[in-house]
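Engineer: For reference, the structure I am asking about is given below.
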Amino acid sequence: MGKLQFYIMADNHYFSKKLWVDGDEIESRSHGDQVVLKESPEVNEAFFKIIEADKDTETVVIVGDLINCGERLCHEEFIERLHLLESRGKRVLVLTATHDYNGCGEDENEFVAVGYDKHSRYKVTCTRRHELNELYRPFGRNKADSEYDMSYSINVDGYRFILLNDDGNGHTDCGLDDKGNEWLENELIKAKENGETVLLFTHHPVIAPYPVYEAVAPTEMYGRHPILKSMLMKYGVKVVFTGHTHVHTIRSISDSENELFDVGTTSVSSAYGKIRKVTLENGYADIRTIDMPEEIEGIPGGSKQIAQSCFGGYYRRLIDTAVKDYDEFLELGKGLVPYDKAKKYRFIIKPLIKWFVKANMSFAGRIGRKYSGLSRAECKKHKDEKLIDLCFVILDRFFQGDAPYSPDTYEYRVMYGAMSRADAIMKTFKISLSKYINGIDSLWELAEPLVHNTRTGCDREIKIKLNNEVTYEKD
Ligand SMILES: [Fe+2]
Ligand SMILES: [Fe+2]
């Protein structure tokens with residue numbers, strides 16, 4: 001097998017400019033989300049331009065949640081852009097997912113296709129699941145060697161790409177059923193016999209990005225992932241590319257013979273949108289990250305403006321505003337902060353936020369000194385640093401991966417000390433976390449992956465060996 005390069009895009013969440021006007025309604029919708037809905041057309045376009053400019057890379061794989069919430073118009077515009085991409089020499093392989101259709105009762109998908117007037121929402125033409133089959137057939141399935149429901153298997157320049165549709169609804173399991181698993185196993189056997197290297201793609205995570213994720217949201221995983229994982233290990237598949245969580249991570253599981261990687265790509269349209277470029281060569285997959293470009297046509301402040309207006313940037317603005325002008329905070333928080341309650345409890349909320357903004361890292365260090373082993377003198381050195389800055393650095397990395405603090409840093413030890421102290425207090429009061437979060441015994445266990453990369457050590461890039469020989473027995 002020769003060299004093959006391709007791009008991975010996930011969770012494009014394209015939203016048409018024709019479906020909103022500026023006003024309270026779109027603002028409050030945007031505040032509760034870490035997807036930049038309003039700017040999604042410009043951001044998607046910026047990434048498509050990067051892909052088009054790369055003349056050496058023909059293939060693009062998009063792993064679902066193509067649009068906001070099943071709006072038919074969004075699909076039409078998105079598909080038009082994919083056709084343009086193809087006319088400019090690209091091969092586009094698409095999976096659809098949960099956000100791409102609207103349920104009609106029996107499938108439990110509760111997404112509603114709406115547009116946004118200044119002060120109200122209105123229903124727009126929606127998309128049913130079966131319509132996706134025809135809409136996206138030109139992007140992959142029309143050239144597939146084999147299909148099951150909307151999953152397909154396709155030869156890409158000698159490599160075997162298997163794209164699994166798992167557009168479940170978040171209530172029950174998504175992913176392949178028993179017959180689908182038989183189909184997949186057959187595809188893996190055929191690939192093995194033909195000496196093809198297999199790469200797998202699906203929407204939901206196969207390995208959880210954070211330990212707590214699976215505990216609190218088991219139906220947000222690939223359905224019946226233990227079956228899928230053991231099948232992939234059995235046939236020596238090394239990597240599965242996923243989306244959905246909007247968390248940019250690389251994680252792995254292994255047994256005595258094999259290691260399986262789940263490479264999750266964040267949403268194109270998130271505050272720190274990214275895509276990945278993969279190079280297959282000499283038996284390796286070299287996986288890299290491409291960040292949102294600084295300059296984005298149609299957005300004057302480019303990626304900086306996006307980061308400030310969305311998620312962490314927005315929350316920071318909200319907190320600063322609460323201290324300076326509480327009435328403005330109530331306005332800015334619409335859609336996220338419950339207006340009436342925040343107004344009623346102003347006398348508690350405002351001083352609490354004020355205290356939090358003022359708290360310094362010396363104070364934070366002293367909280368858990370008994371556990372972290374930090375000296376008073378060491379803590380004192382950090383009196384000019386703010387606790388709120390640490391919190392926002394951690395928050396900003398939540399979705400873009402690579403948690404920032406290694407175990408030798410002051411910040412890591414502060415977090416370790418504070419969480420350990422909280423764990424000790426819980427123990428005193430006989431509060432067991434595992435009662436509420438399955439499999440999690442301590443707050444530090446919850447917090448550590450957010451402080452330090454406890455996965456493969458780097459979420460941006462990795463080189464994975466694809467071809468160690470795996471023996472298996474046919475049933
Ligand atoms: Fe998504
Ligand atoms: Fe999703």
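The values are calculated or read from the model by the stated rules, or taken from the named source; none is laboratory data. All of these numbers come straight from a predicted model, not from anything done at the bench. Methodologically, a virtual Cβ is constructed for each residue, glycine included, from the backbone with ideal geometry; neighbour enumeration extends over all protein chains shown. Ligands, DNA and RNA are excluded from the accessible area calculation, which covers all protein heavy atoms including side chains. Shrake-Rupley method; radii C 1.70, N 1.55, O 1.52, S 1.80 Å.
Engineer: Would you list which lysines come within 17 Å of K358, measuring only between C-alpha atoms, while excluding same-chain residues fewer than 8 positions from it?
Structural biologist: K324, K350, K380, K381, K383, K386
Engineer: Quick check: pseudo-label points 7 Å beyond the Cα along Cα→Cβ at R81 and K143, how many nm apart are they?
Structural biologist: About 2.2 nm, to one decimal.
Engineer: Which chymotrypsin sites (Phe, Trp or Tyr not before Pro) in segment 346-431 pass both tests, a DSSP loop state and at most 10 other beta-carbon atoms within 10 Å? Intermediate values should be presented prior to the final figure.
Structural biologist: Working: sites: F347, W355, F356, F363, Y371, F392, F398, F399, Y405, Y410, Y412, Y416, F429; in loops: Y405, F429.
The qualifying sites are F429.
Engineer: Cross-link partners among lysines for K55, C-alpha distance below 18 Å, same-chain residues fewer than 8 apart left out?
Structural biologist: Partners within reach: K3, K90, K277.
Engineer: Name the residue farthest towards the positive end of the dipole of segment 324-413 from the options L330, Q400, P351, assuming +1 on Cβ of Lys and Arg, -1 on Cβ of Asp and Glu, about the Cα centre.
Structural biologist: P351
Engineer: Given the rule -39500 (n - 2.57) for each run of at least 4 DSSP H residues, summed and divided by the residues of the chain, what is its mean residue ellipticity at 222 nm, to the nearest 500 deg cm²/dmol?
Structural biologist: -11500 deg cm²/dmol
Engineer: Let me check something: with ligands and nucleic acids excluded, how do T265, T279 order by accessible area (1.4 Å probe), largest to smallest?
Structural biologist: So the residues, ranked largest to smallest area, are T279, T265.
Engineer: Follow-up question, since we're still on this one. Put +1 on the Cβ of each Lys and Arg and -1 on the Cβ of each Asp and Glu in the chain; which of T249, V278, N165 then has its Cα farthest toward the positive end of the dipole?
Structural biologist: Going by the Cα projections, it comes out as T249.
Engineer: Right, next: Calculate how steeply helix 178-193 sits against the longest principal axis of the alpha-carbon atoms of the chain, using the helix alpha-carbon long axis, and give the answer as 0 to 90 degrees to the nearest 10.
Structural biologist: Compared with the principal axis, the helix lies near 70 degrees.
Engineer: Okay, next question. Quote the FRET efficiency, to the nearest 0.05, computed for Q5 versus T456 with a Förster distance R0 of 25 Å and r equal to the Cβ-Cβ distance.
Structural biologist: 0.70
Engineer: Not counting ligands, DNA or RNA, and with a 1.4 Å probe, what is I50's accessible surface area in Å² rounded to the nearest 10?
Structural biologist: Estimated to the nearest 10 Å², I50 gives 50 Å².
Engineer: Which of the GluC sites (Glu not before Pro) across segment 1-110 are loop residues per DSSP, with 16 or fewer other Cβ within 10 Å? Intermediate values should be presented prior to the final figure.
Structural biologist: Numbers: sites: E25, E27, E39, E42, E45, E52, E58, E71, E76, E77, E80, E86, E106, E108, E110; in loops: E39, E58, E71, E106, E108, E110.
The qualifying sites are E106, E108, E110.
Engineer: What lysines sit close enough to K435 to cross-link, taking a C-alpha to C-alpha distance under 21 Å and skipping anything fewer than 8 places away on the same chain?
Structural biologist: Output for K435: K427.
Engineer: Amide H to amide H, which residues 5 or more places from T127 or on other chains are under 5 Å from it, using H placed in the peptide plane?
Structural biologist: Amide H to amide H, under 5 Å and 5 or more residues apart or across chains, T127 pairs with R72, N102.
Engineer: Holding the Cα-Cα limit at 22 Å, pick out from K49/K143; K17/K123; K179/K229 the pairs that are longer than that.
Structural biologist: Distance filter (> 22 Å) returns K49/K143.
Engineer: Going by the alpha-carbon gyration tensor, a ≥ b ≥ c the square roots of its eigenvalues, is segment 304-354 rounded (a/c under 1.5) or, if a/c is not under 1.5, prolate (a/b greater than b/c) versus oblate?
Structural biologist: Because a/c hits 1.5 or more and a/b exceeds b/c, segment 304-354 counts as prolate.
Engineer: Can I ask one more? What is the pair-distance distribution P(r) of segment 4-299, computed from all Cα-Cα distances in 10 Å bins starting at 0, with each bin given as a whole percent?
Structural biologist: Percent of pairs per bin, in order: 6, 29, 38, 21, 5, 1, 0.
Engineer: Rounding to the nearest 20 debye, state how big the charge dipole of the chain is about its Cα centre with +1 on each Lys and Arg Cβ and -1 on each Asp and Glu Cβ.
Structural biologist: So the dipole magnitude of the chain works out to roughly 2280 debye.
Engineer: Continuing with the same structure: Calculate what fraction, in whole %, of the accessible area of the chain sits on carbon and sulfur atoms when a 1.4 Å probe is rolled over the protein chains. Can you show the working numbers first?
Structural biologist: Details: 10970 of 21560 Å².
Exposed carbon and sulfur together represent 51 percent of the surface.
Engineer: Mind listing the phi-derived Karplus ³J(HN,Hα) values for segment 382-392, rounded to whole Hz, using 6.51, -1.76 and 1.60 with θ = phi - 60°, and x for any glycine or proline?
Structural biologist: 9, 5, 8, 9, 9, 5, 4, 5, 4, 4, 6
Engineer: Using θ = phi - 60° and the Karplus curve 6.51 cos²θ - 1.76 cosθ + 1.60, what whole-Hz ³J(HN,Hα) does each residue of segment 74-87 get, with Gly and Pro shown as x?
Structural biologist: Coupling constants for segment 74-87: 5, 4, 4, 5, 5, 5, 4, 5, 5, 4, 4, 4, 5, 5 Hz.
Engineer: May I have the extent of the alpha carbons of segment 366-407 along their three principal axes, as whole Å values ordered from largest to smallest?
Structural biologist: 34, 21, 14
Engineer: Would any residue of segment 215-230 have its amide N under 16 Å from a label point 7 Å out along Cα→Cβ of E257? List them or say none.
Structural biologist: Flagged as within label range: 229-230.
Engineer: With viscosity set to 0.890 mPa s and temperature to 25 °C, compute the Stokes-Einstein D of segment 393-475, Rh being the Kirkwood radius across alpha carbon pairs; µm²/s, no decimals.
Structural biologist: Details: Rh = 15.5 Å.
Roughly 159 µm²/s, to the nearest whole number.
Engineer: Of the trypsin sites (Lys or Arg not before Pro) in segment 417-464, which ones lie in a loop per DSSP and count no more than 11 other C-beta atoms within 10 Å?
Structural biologist: The qualifying sites are K430.
Engineer: Quick check on segment 319-472: take the gyration tensor over C-alpha atoms, sort the square-rooted eigenvalues as a ≥ b ≥ c, and tell me if it's rounded (a/c under 1.5), prolate or oblate.
Structural biologist: prolate
Engineer: Given the protein chains as shown and a 1.4 Å probe, how many square angstrom of D325 are accessible, to the nearest 10?
Structural biologist: Counting only protein heavy atoms, the figure is 60 Å².
Engineer: Just the ratio, please: alpha-carbon radius of gyration of segment 343-423 over 2.2 N^0.38 Å, N its number of residues. Walk me through the intermediate numbers first.
Structural biologist: Numbers: Rg = 14.0 Å, N = 81, 2.2 N^0.38 = 11.7 Å.
Output field value: 1.20.
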